[in-house]
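*Asks:* This is the structure I want to talk about, given as structure tokens.
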Amino acid sequence: MKFGIIQFPGSTCDYDCFFALKDILNIDVKFIWHEETDLCDYDCIMLPGGFSYGDYLRVGAIARFSPVMQAVKEYAQKGGYVIGICNGFQILLEADLLPGVLVKNHGLHFLCRYEYVRIENDVNPFTHLCKKGQILKIPIAHGEGNYFIDDKGLKELNANHQVVLRYCDHHGEVSDNNNPNGSVDNIACICSKQGNVIGMMPHPERCVEDILGSSDGRFIFDSIIDSIKNKSKAAYKEIHHDNQ
Amino acid sequence: MTTNNQEEILKKWGFTPDEYHKIKKDLNREPNEVELGMYSVMWSEHCSYKNSKPLLSLFPTSAEWVLQGPGENAGAIDIGEDKVVIMKMESHNHPSAIEPFQGAATGIGGIVRDIFAMGARPIALLDSLRFGDFENPNTQYLLKGVVDGISFYGNCIGVPTVAGETIFSGSYQNNILVNVMCVGIAEKGKTFKSRATGEGNPVILVGARTGRDGIGGASFASEELDDKSDEDRPAVQIGDPFTKKLLIEACLELVGKDYIVGVQDCGAAGLTSSLCEMASQGGSGLEIELSNVPQREQNMTPYEIMLSESQERMIVVVRKGMEEKIKKIFDKWGLNSAIIGKVTSDKQFRINSNGKTVAEMPSKSLTEGFPVCLRMGKKPEYLHRLNELDLETIPVPEDYNDVLLKLLSSPNLSNKENIYVQYDHMIQTNTLLSPGDDAAILRIRETSKAIALTTDGNGRYCYLDSFVGGKIAVAEAARNLSCKGALPRAVTDCLNFGNPEKGEIYWQLEQAIKGMSEACQAFETPVISGNVSLYNENKGEAIYPTPVVGMVGVLEDINDYCTMGFKHEGDLVVLLGENKEEIGGSEYLEIYHGLVAGRPPQIDLSFEKTVQDTCRESVEAGILSSAHDCSDGGLAVTLAECCIKNQMGAQIELDEKFRGDAVLFGETQSRVIVSLPAQNLTSLEEITKKYEVPLKILGIVGGESLQIKGFIELKIETFTQAWKGIEQVENNA
């Protein structure tokens, strides 16, 4: 099993993702320079947080033109797992791999602190080891994490169970009071219709060790790892079956 | 040259007649315009320390664990397991006063460059800020600009801002202080030196192109501010954190490459200082061709190119023949790299433009040639008046609850969360203890260790007694670290003072440095780097003398640290140290009585050290639930802070025989408030006995209020609200 972490010029959470996977979860992981185009070696592609291209023009707007992004699109179309965290989420939106936009936080400031999020979808490859309604304690660190989508789009998201995480309080209650950035419907994370592409503002890679204040991020990583294992088993079975 | 002419030159370039004479002597002729510009910046206080040098030599700078003291881009200490901590603090006061956002942002940019120029990955930023009166609209503008600037730049380069101070006082109304500290980690034996050696080795300029921004910034930083300072806005550089991030990654790819001869950051005084410092350190000469410098603007003159402080540039000297290797690395990161000259053996710094020499001087003349200013200090007049405070004249307050709420809601003591949530303090996932405690704690990867970091400095104390204030700045920083269980190891500092040409200011500087030096000796924390910022005046009015101390401490085990908040109902609350009747120079006196007077609390450094040793040993023994440094606002504020953290009350009894306000709000030094389970008391007593430190049981943790018998009874909710008050004000601003 191998994870690939894409490095755009200006990525800053690339090493954090790397350490979380390699040192804590003992997973094979490699950096992918943004000019590379061959992703066939990987079981999951991560787009880390940061300020790709300095956030110039618009967050994620320049990174979508990196050569690697065409490959990411093809990878996703074939059903490969793609996860975008923070700036990675912003890039996935700009690349039309996920619907909606992220704009400036309603308080107009960058915010770095722990938040609570509620699991809204537990049948997704990225969250299936969680239970619906479960609460995760997980940090945010962004200036532009205010998720917006029009009414029609929101209806579709809800109808297709594409909302994966919502900001909430420590009891799990979702309201304006515990919406850190003004996101529509407290949305913190969404997935694609097929469920194999996910984008989230919170940083699971920052909370995989208790000494850092929480290890709830493991639920996300463990889910992906488990999905990959089952997927390859399923694929193996399929091939094996075909051969017979 | 006529006398008139010479006077004009002296005035225009800010030289003394002595200095001008020395330049002529070093050159053996009259200097031209380019040379005058180069000397003007290099011999400014900011680059030369010509006023402070004799005093700075008082600092202890070495210890067994110090690998690099002052003189390089940054200082370095060995923390074991092949890891080296690199650190430095620098001021960006004047630029931030004129243009707060870019001033603060490029302050971060500059200090970060010093760290990775040593081959270290920057792992933490700390900022120590001083603004004018909180209520003043201009303060609000400057505060917002500075915080936004730090947030913008620090977040974008992916270096966490883990600790700092934000202090408000009328003294800084027109001359704010923005001091930024950066800490990095390098592999032992793989750090870079800033030097140019080896005849014929190429000199490569990497990073951003050179433009017309920040010309004369170093000279500007060495002048008093006045009404016309706004016109100096072009002297403030513009930061580009994205390019900086690329530059960091590219330069860190050079680590361990044996063909790197030297690396130097290109900061104050631009190419002039970075190049001549490399030549001077290497004992060599350099020959530079300006037409090879990549330029952002057209028709730049040699003067402009040499003096530009365009950001995001570095100088690398490599072994001859290795130019392509460097180019390849920088190409990958989309950065310019250009060979702009070569190392020579004649020890001359020669600048050519299209083959024609436009400036030439001995390398060392620029870096060391200036006449050192030996000045005489004079004890300030105001001290006689202010130091003689008669306690009897100060009315004892009737309602101590009211005093405590006022203190907790004051801008200096209230919650700063609204500021630090704007800084990414978690990135790099090493932050074990976040802002809001006595110190930040960061784990060091690939080791079992952690480091603790803090900044400290009290301008009011130094104003009232610079010698004692200097000692306390170091002692408090060390106490912050010891409370967390870390062994203080080294200091970096920023000395923010007024115009040293005035005897009274020079006296403050001298006294503060003497006090700091004594304390650094006592705690075995050598000064390994730092910066001096003089001429912090506006219209002739100097700021409080404000030495700011940045300190690093080492924890042998990442699990053995202590935090400040009370944790368990029923724990004992214990004071390590002694209460004394000292309210001079306190926050209480200023906030409640509107007085900045008296003498600051006195400090006995050897006693302070035993208190800290006691605290540290208790943390290591794992017998404490919490430990918190008792400082600004005194015992009552310290106890309230311990309660606020985990929303847990305490019942306290104090039996001191002196004035209630001095008991509660006096800022006597060498005190730590700890809490611990009752069954650990004997172990704590054994340690206090060993160090002969007084221990006093003050009460017990628990309940929903803070009760100090006979003085204070307040619900946690009530004083937490008061402490958070500043948030509302800021949100409305």
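Just so you know, all these numbers are worked out from the coordinates, no wet-lab data involved. Everything quoted here is computed from the prediction, not taken from an experiment. Methodologically, a virtual Cβ is constructed for each residue, glycine included, from the backbone with ideal geometry; neighbour enumeration extends over all protein chains shown.
*Asks:* Which aspartates and glutamates does B:Lys244 reach when only Cα atoms under 18 Å apart count, and residues fewer than 8 places away in its own chain are ignored?
*Replies:* Excluding near neighbours in sequence, the set is A:Asp14, A:Asp55, B:Glu90, B:Asp114, B:Asp148, B:Asp213, B:Glu253, B:Asp265, B:Glu309, B:Glu312, B:Asp331, B:Asp424.
*Asks:* Using the Cα centre as the reference, give the magnitude of the dipole from point charges on the C-beta atoms of the stretch B:234-361 (Lys, Arg: +1; Asp, Glu: -1; all else neutral), rounded to the nearest 20 debye.
*Replies:* Around 320 debye, computed over the stretch B:234-361.
*Asks:* Under 5 Å between amide H atoms, partner at least 5 residues away or on a different chain: which partners does B:Gly285 have, H built in plane at 1.01 Å?
*Replies:* Excluding prolines and chain starts, which carry no amide H, the hits are B:Thr344, B:Ser345, B:Asp346, B:Lys347, B:Gln348.
*Asks:* If you don't mind, another one. Less than 15 Å apart at the alpha-carbon level, and either on another chain or at least 8 residues along: which aspartates and glutamates does that give for A:Lys152?
*Replies:* Counting by Cα, and skipping residues close in sequence, A:Lys152 has these aspartates and glutamates nearby: A:Asp185.
*Asks:* Another question about this same structure. Taking the alpha-carbon centroid of each part, what is the distance from the stretch B:315-371 to the stretch B:1-45 in angstrom?
*Replies:* So the separation of the two Cα centres works out to 24 Å.
*Asks:* Something else about it: What is the set of long-range amide H partners of B:Asp82 at a cut-off below 5 Å, with H atoms built 1.01 Å from backbone N?
*Replies:* Answer set, sorted by chain and number: none.
*Asks:* For a Förster distance of 30 Å, can you work out the FRET efficiency between the beta-carbons of B:Ile697 and B:Glu417, rounded to the nearest 0.05?
*Replies:* Approximately 0.40, to the nearest 0.05.
*Asks:* Just from its helices, what would the mean residue ellipticity at 222 nm be for the protein assembly as shown, if runs of 4 or more DSSP H residues each count -39500 (n - 2.57) and the sum is divided by every residue, rounded to the nearest 500 deg cm²/dmol?
*Replies:* -10000 deg cm²/dmol
*Asks:* May I ask you to compute the full-extension gain from A:Lys132 to A:Asp150, defined as 0.36 nm times their residue separation minus their alpha-carbon distance, rounded to one decimal in nm?
*Replies:* 4.0 nm
*Asks:* With a cut-off of 18 Å, note down the residues of the stretch A:81-118 whose backbone N falls inside the zone around a label point 7 Å from the Cα of A:His171 toward its beta carbon.
*Replies:* A:116-118
*Asks:* Okay, moving on. Could you tell me which of rounded, prolate or oblate describes the stretch B:314-467, using a ≥ b ≥ c as the square roots of the eigenvalues of the alpha-carbon gyration tensor, with rounded for a/c under 1.5 and, failing that, prolate when a/b is larger than b/c and oblate otherwise?
*Replies:* Verdict is oblate for the stretch B:314-467.
*Asks:* Turning to a different aspect of this structure: Report the net charge of residues surrounding B:Ile339, where surrounding means a beta-carbon distance below 11 angstrom and charges are Lys +1, Arg +1, Asp -1, Glu -1.
*Replies:* After counting each charged neighbour, the total is 0.
*Asks:* If you don't mind, another one. Fewest to most neighbouring Cβ within 10 Å: what's the order for A:His34, A:His161, B:His384?
*Replies:* Fewest-to-most ranking of A:His34, A:His161, B:His384: B:His384, A:His161, A:His34.
*Asks:* Still on this structure: Apply the Karplus curve 6.51 cos²θ - 1.76 cosθ + 1.60, θ = phi - 60°, to the phi angles in the stretch B:454-460 and return the couplings in whole Hz, x for Gly and Pro.
*Replies:* 7, 10, 7, x, 10, x, 5
*Asks:* Tell me the label-point distance for the pair B:Lys356, B:Lys379, using the 7 Å Cα-to-Cβ offset, in nm and rounded to one decimal.
*Replies:* Inter-label distance under the simple model: 6.1 nm.
*Asks:* If Lys and Arg each add +1 and Asp and Glu each add -1, what is the summed charge of the other residues whose beta carbon sits under 11 Å from the beta carbon of A:Ser11?
*Replies:* Counting the neighbours of A:Ser11, the net charge comes to -2.
*Asks:* Anything over 26 Å Cα to Cα? Flag those among A:Lys22/B:Lys645; B:Lys88/B:Lys325; B:Lys25/B:Lys53; B:Lys144/B:Lys724; B:Lys327/B:Lys449; B:Lys144/B:Lys332, in the order listed.
*Replies:* From A:Lys22/B:Lys645; B:Lys88/B:Lys325; B:Lys25/B:Lys53; B:Lys144/B:Lys724; B:Lys327/B:Lys449; B:Lys144/B:Lys332, over 26 Å: A:Lys22/B:Lys645; B:Lys88/B:Lys325; B:Lys327/B:Lys449; B:Lys144/B:Lys332.
*Asks:* Given 0.36 nm per residue, what is the gain on full extension from B:Lys539 to B:Gln679 after removing their alpha carbon distance, in nm?
*Replies:* Length gained, B:Lys539 through B:Gln679: 44.4 nm.
*Asks:* Continuing with this model, one more query. Using +1 at the Cβ of each Lys and Arg and -1 at the Cβ of each Asp and Glu in the protein assembly as shown, identify which of B:Gly334, A:Gly182, B:Gly457 lies farthest towards the dipole's positive end.
*Replies:* Ranked along the dipole, the leading option is B:Gly334.
*Asks:* Hey, another quick one. Find out how many positive minus negative residues lie around B:Leu374, taking Lys and Arg as positive, Asp and Glu as negative, among other residues whose Cβ is under 13 Å from that of B:Leu374.
*Replies:* 0
*Asks:* Nearest 20 debye, what's the magnitude of the dipole of chain B about its Cα centre given +1 on Lys and Arg Cβ and -1 on Asp and Glu Cβ?
*Replies:* Charge dipole of chain B: 2440 debye, to the nearest 20.
*Asks:* Next question. Along the charge dipole of chain A, which of A:His128, A:Gly54, A:Ile6 sits closest to the positive end, that is, farthest toward it, with unit charges on the beta carbon of Lys, Arg, Asp and Glu (+1, +1, -1, -1)?
*Replies:* Result: A:His128, furthest along the dipole toward the positive end.
*Asks:* Sticking with this one: Rounded to the nearest 20 debye, what is the charge dipole size of chain A about its Cα centre when +1 sits on each Lys and Arg Cβ and -1 on each Asp and Glu Cβ?
*Replies:* 300
*Asks:* Quick query: amide H of A:Phe110 versus all other amide H atoms, modeled in the peptide plane; which residues come in under 5 Å with a sequence gap of 5 or more or a different chain?
*Replies:* none
*Asks:* Additional query: Under the 0.36 nm per residue contour assumption, what length would be gained going from the current alpha-carbon distance of B:Leu10 and B:Lys144 to full extension?
*Replies:* Gain in length upon complete extension: 44.4 nm.
*Asks:* Each residue of the stretch A:165-177 in turn: what ³J(HN,Hα) in whole Hz from Karplus with 6.51, -1.76, 1.60 and θ = phi - 60°, glycine and Pro shown as x?
*Replies:* With the stated coefficients, the stretch A:165-177 comes to 9, 10, 5, 8, 8, 6, 8, x, 7, 9, 7, 4, 5 Hz.
*Asks:* With θ taken as phi - 60° and the coefficients 6.51, -1.76 and 1.60, list the Karplus ³J(HN,Hα) couplings across the stretch A:17-31 in order, rounded to whole Hz; mark glycine and proline as x.
*Replies:* Karplus values, whole Hz, x for Gly and Pro: 5, 4, 5, 4, 6, 6, 7, 9, 9, 6, 10, 5, 8, 9, 7.
*Asks:* Then there's this: Name the residue from B:Ile115, B:Ile150, B:Gly703 whose Cα lies farthest towards the positive end of the charge dipole of the protein assembly as shown, charges +1 on Cβ of Lys and Arg and -1 on Cβ of Asp and Glu.
*Replies:* B:Ile115
*Asks:* At q = 0.14, 0.16 Å⁻¹, what log₁₀ I(q)/I(0) does the stretch B:192-370 have when each alpha carbon counts as one equal point scatterer in the Debye sum?
*Replies:* Reported log10 I(q)/I(0), two decimals: -0.73, -0.95.
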